Amino acid sequence: MESAGFYMLGCVGLLLIGTGLPAYAVLIGVATLFAALGVAAGAMPFNLLTALPSRLIGLLENDLLQALPLYVLMGALLNRLPLADILFRAGNAAFARTRAAPLLSAMGLGAMLAPMNGSVGASVATLSRILQPRLRSHGVAAADGLAVVCVASTLGVVVPPSLVLILLGDAMLRAHTEAVNATHVAVRIINTQDVFRGALVPAGIFLLLAFVLAWWIGRREPPTPARERLGWGHRLVALGTAGFILLLLAAVVLGYVYAVEAAAAGAMALMLAGLATRTLTAEIMREVLRDTMAVTGALFALLVAATTFTLVVRGFGTDRLLAEFMAVLPGGPDVAVAVGLLALGLCAFVLDAFEIIFVVIPLLMPPLLMRAPDAVWVAVLALLALQASFLIPPIGYAVMMARSLGGEGVALPPLVRALLPFLGAQVLVLGLTLALPALTHVAAAKLESETPTKPPLSDEEVRKALQSIPLPPLPEEPPK
């Protein structure tokens, strides 16, 4: 029965595609059904299921989860307030000398909004609503506009410090801890900050290539019918919003503030900006809070469901079967990493980024990290593989979502031609990162070298410091 976990994953994929039910409902239902069958068949001890409450309590006590509703609140404010429209128009005005201004503005807006929208599905829904009508009004070809929306929607997977990276960092910490405990190797366990810094250089390279490709594709577009006319007030709002978001994201990546603090400061600043410009009305505030509660509730429900699902999978011993397969896989760490990336890519055809992080990463990463101990490198490769898988037409998650949300009239052949340059850029960045693991350590090494460190104490200084420590008084002898 050790292979039952693979059947569970297969059932989840089929039910998600065939029923359209929420992922948390499918995960809970499949886990409950297989747990009952496993206990009835004697393949799983019932006592194992009693560990679920303590696992959930320990999981939800993680302070990092406080950042989830705050990041979602920032995304909801940016979606509901006219800030996204102002930023798009400001980008068009800034790039007015080139025909590629709408596509460049769309890519820049995606780079700022996608990290805060959370999942790829949420980013596609938001950017489709905001960008597609504006791109059509500027005469951009439907296939080119849809391709840029798809690419911009996946930027939150690799651009730190997005929700995806925050949750992946926490999942990688747990997986790395499990791998180190199994191999007894004395290494430092990675944290979320390591994943942020590891993704900086590969994400920067891909962003640069994406902007170059958007400019190259935009040169073929017809001239913009009319230039954007932006008043000084809107210019200041656009400049302040973009600068604040970039400064906040940079502060988190560099380690000056925590993700929770940055998200709280960003949400408060956006609310104050909405009140100051009188765009944050009571009705819009109710919609923002409704969106925030709905998305946050779905995320925590998915987290609880995934924890239940993985416990049942481990109860069948599928994790041990997977570890044995990884251990006997020939070819060294590179082959193991390639097989792991292929598995993640296949899962990305039916699962969103959060579902993969909550369900697949806890099962796949511990045995993979036993073979490839560079956890930061493996985490960044996983991010790049997921992003590429979301864009593979016609079954890539972002492509299917974008076509269902306003892109039904776009034929598949022109969309494939529009996406191919971006997929080529992703394969290039993935290959560079795979061949040069040092790319994932450049930012961390640079920041550590710039951090002033004190010279080590000499033996004499250590001896004097020990002598200066006052000793506690000896206890008095009891009277005889």
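The values are calculated or read from the model by the stated rules, or taken from the named source; none is laboratory data. Not measured: the values here are computed from a predicted model. Note: ideal-geometry Cβ built from the backbone for every residue, glycine included; neighbour counts use all protein chains shown.
Here are the numbers for the structure shown:
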quantity: Pair list, Cβ under 6 Å, 6 or more apart: the range 410-438 residue at pLDDT 90 or above, other residue surrounded by fewer than 18 Cβ atoms within 10 Å (Cβ to Cβ); calculated: 425/209; 429/205
quantity: Which numbered condition residue 79 misses (of (1) modelled with pLDDT of 80 or more; (2) under 20 Å from residue 241 (Cβ atoms); (3) among the polar types (S, T, N, Q)); calculated: (1)
quantity: Count of residues meeting criterion [farther than 14 Å from residue 308 by Cβ, in a helix (DSSP H, G or I), within 25 Å of the chain's Cα centre (by Cα) and of a type in the set (Gly, Ala, Ser)] in the range 1-42; calculated: 2
quantity: Where residue 161 falls short, out of the listed (1) in a helix (DSSP H, G or I); (2) touching a Phe, Trp or Tyr at 6+ places or on another chain (Cβ under 6 Å); (3) of a type outside the set (Phe, Trp, Tyr); calculated: (1)
quantity: Extreme residue, nearest to residue 353 (Cα to Cα), among residues of the range 38-60 that are surrounded by 15 or more Cβ atoms within 10 Å (Cβ to Cβ) and touching a residue at least 12 places away in the same chain (Cβ under 8 Å); calculated: 59
quantity: Test: residue in the range 250-260 that is in contact (Cβ under 8 Å) with a residue 12 or more places away in the chain, buried (at least 18 other Cβ atoms within 10 Å of the Cβ), hydrophobic (A, V, I, L, M, F, W, C) and in a loop (DSSP other than H, G, I, E, B); calculated: no
quantity: Selection within the range 261-287 - touching a residue at least 40 places away in the same chain (Cβ under 8 Å) and closer than 16 Å to residue 160 by Cα; calculated: 262, 263, 266
quantity: Test: residue in the range 183-191 that is part of a helix (DSSP H, G or I) and either under 30 Å from residue 257 (Cβ atoms) or among the hydroxyl-bearing types (Ser, Thr, Tyr) (or both); calculated: yes
quantity: Which numbered condition residue 136 fails, given (1) assigned to a helix (DSSP H, G or I); (2) at positive phi; calculated: (2)
quantity: Which listed residue is in contact with an Asp or Glu (Cβ under 9 Å, 6 or more places away or on another chain), over 14 Å from residue 299 (Cα atoms), touching a residue at least 24 places away in the same chain (Cβ under 8 Å) and crowded, with 16+ Cβ neighbours inside 10 Å, from 84, 93, 106; calculated: 93
quantity: Residue, surrounded by the most Cβ atoms within 10 Å (Cβ to Cβ), within the range 172-203, restricted to residues that are modelled with pLDDT of 85 or more and within 24 Å of residue 397 (Cβ to Cβ); calculated: 198
quantity: Among the candidates 361, 357, residue that is surrounded by 23 or more Cβ atoms within 10 Å (Cβ to Cβ), β-branched (Val, Ile, Thr), modelled with pLDDT of 85 or more and part of a helix (DSSP H, G or I); calculated: 361
quantity: Among residues of the range 278-337, those that are assigned to a loop (DSSP other than H, G, I, E, B) and either modelled with pLDDT of 85 or more or buried (at least 19 other Cβ atoms within 10 Å of the Cβ) (or both), counted; calculated: 2
quantity: Residue identified as closer than 20 Å to residue 354 by Cα and either at pLDDT 80 or above or buried (at least 24 other Cβ atoms within 10 Å of the Cβ) (or both) among 372, 385; calculated: 385
